[in-house]
1. Over all Cα pairs of the stretch 254-392, how is the pair count split among 10 Å bins, expressed in % and running from 0 up to the last occupied bin?
2. Of 34/377; 247/313; 339/381, which ones are farther than 21 Å apart at the Cα?
3. Quick one: net charge around residue 262, please, counting Lys, Arg +1 and Asp, Glu -1 for every other residue with C-beta under 11 Å from its C-beta.
4. Leaving out ligands and nucleic acids, note down the accessible area per residue over the stretch 271-325 with a 1.4 angstrom probe, in whole Å².
5. Residue 251 versus residue 203, label points 7 Å from Cα toward the beta carbon: distance in nm?
6. Over all alpha-carbon pairs in the stretch 233-322, figure out the percentage whose distance exceeds 23 Å.
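The values are calculated or read from the model by the stated rules, or taken from the named source; none is laboratory data. The structure displayed is predicted, hence computed values, not measured ones. Neighbour counts are summed over all protein chains in view; Cβ atoms, including those assigned to glycine, are modelled from backbone coordinates with ideal geometry. In case anyone asks, the SASA skips ligands and DNA or RNA and just uses the protein heavy atoms, side chains included. Shrake-Rupley method; radii C 1.70, N 1.55, O 1.52, S 1.80 Å.
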Amino acid sequence: MCPVRSDPIHRFHPLPLDHFDRLPDSLLLLIFDKIGDVKALGRCCLVSRRFHSLVPQVDNVLVRVDCVISDDDSSPSSSSSDKSSPAGPFSNLLRLVFGGIVKPLQALGQFLGPKRSLLNETLNAPSSSSSVGRGADGDDPEMGQAGVTHHSPTQVLRNFNEIRFLRIELPSGELGIDDGVLLKWRADFGSTLDNCIILGAASVINDVLSQVSEYGNDGFCSNHCITGNGDDNGSIPESFYTNGGLKLRVVWTISSLIAASARHYLLQPIIAEHRTLDTLVLTDADGQGVLRMNRDQLEELRVKPLSASSASKRTQVPALNMRLWYAPHLELPNGLVLKGATLVAIRPSEQSASRKEVSDASWLSTAFEEPYGTAAKMLIKRRTYCLEMNSF
């Protein structure tokens with residue numbers, strides 16, 4: 001029977017039926033898993049006591065970082081942006097202030113570092129700010145100007161008990177690169193670096209008209225072009241060594257490794273607290289870098305302490321073996337043209353010596369989304385150059 005209510009003249013009417021009450025918990029959890037976004041899940045917590053009790057049980061969570069404020073960025077202009085940030089129990093997550101390459105890496109430590117847990121209080125404080133930072137002049141690090149509360153992803157995620165798939169997305173990549181330059185990397189970590197793949201290009205051309213000057217009327221490229229398997233032996237031209245091309249690729253490689261090792265180091269508290277994790281991905285909205293860890297790698301980090309770099313808050317990069325492929329001009333099937341296309345595949349020296357190398361095709365084919373996955377496949381068909389790098 002439906003519940004009833006009475007009006008002032010003592011007539012009885014059935015109460016409206018809440019159809020959500022008819023859904024089993026398992027189906028609601030499936031819906032919440034599809035939502036994923038931690039801010040949206042926070043708002044769901046406010047709908048009812050039932051939702052509030054179910055949300056912590058979801059196993060698929062996405063944390064989009066809005067802002068990171070480093071320790072040395074406490075100017076009024078930075079704090080004033082908090083006033084306009086969206087409200088909500090889970091929207092107290094972050095705003096990002098980047099400046100160069102070093103400062104973002106310091107800022108990452110600020111937003112992922114452990115702090116006093118105020119999440120329970122925050123669930124009933126919709127005026128909290130979605131930013132992370134530290135007050136100036138000895139203020140409470142949890143409080144900004146006008147009493148605005150700040151929280152880190154580490155704190156917010158403590159409200160979840162059964163996370164299996166966690167994705168954290170930064171608003172942009174840490175590496176400042178010039179417009180038109182392509183730089184993407186993907187790194188897998190356990191307690192230390194397992195492998196890293198870097199794809200770069202000095203410029204990317206996507207306008208067919210801009211290529212006319214390089215092609216004659218007969219359709220042949222007037223410069224050194226590579227299409228498909230290429231028409232040369234894959235050798236790196238001498239100009240690559242003399243015009244700063246090699247130096248630039250070394251900078252790309254070291255910068256990408258520093259960014260990856262800094263992300264890895266700062267994920268420690270999250271990994272330690274969430275032992276149900278099967279997959280952890282830390283990426284950015286620009287698609288510049290992706291750090292991935294599977295269940296075995298996560299467990300390896302828990303049982304085997306990582307080696308920290310003495311110079312900064314990042315995981316120490318071990319001695320490395322690197323393979324490099326280069327094409328001065330790489331034309332992809334979709335018409336995209338990469339000038340100075342470079343692919344670098346990196347593994348620790350110990351790992352390379354202790355086990356048989358996985359074939360380049362199987363290892364690199366899934367490293368990047370299209371069309372860059374195709375670029376990687378085309379590059380590895382060219383001549384391979386081997387390099388070594390000491391630990392740093």
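1. Cα pair-distance distribution for the stretch 254-392, in percent: 10, 34, 37, 16, 3.
2. Details: 34/377 33 Å; 247/313 26 Å; 339/381 17 Å.
Where the Cα-Cα span goes over 21 Å, the pairs concerned are 34/377; 247/313.
3. Values: positive: 263, 313, 314; negative: 174.
In short, +2.
4. On the way: 2520 Å² over 55 residues.
On a per-residue basis, 46 Å².
5. 1.7 nm
6. On the way: 1553 of 4005 pairs.
Everything past 23 Å amounts to 39 percent.
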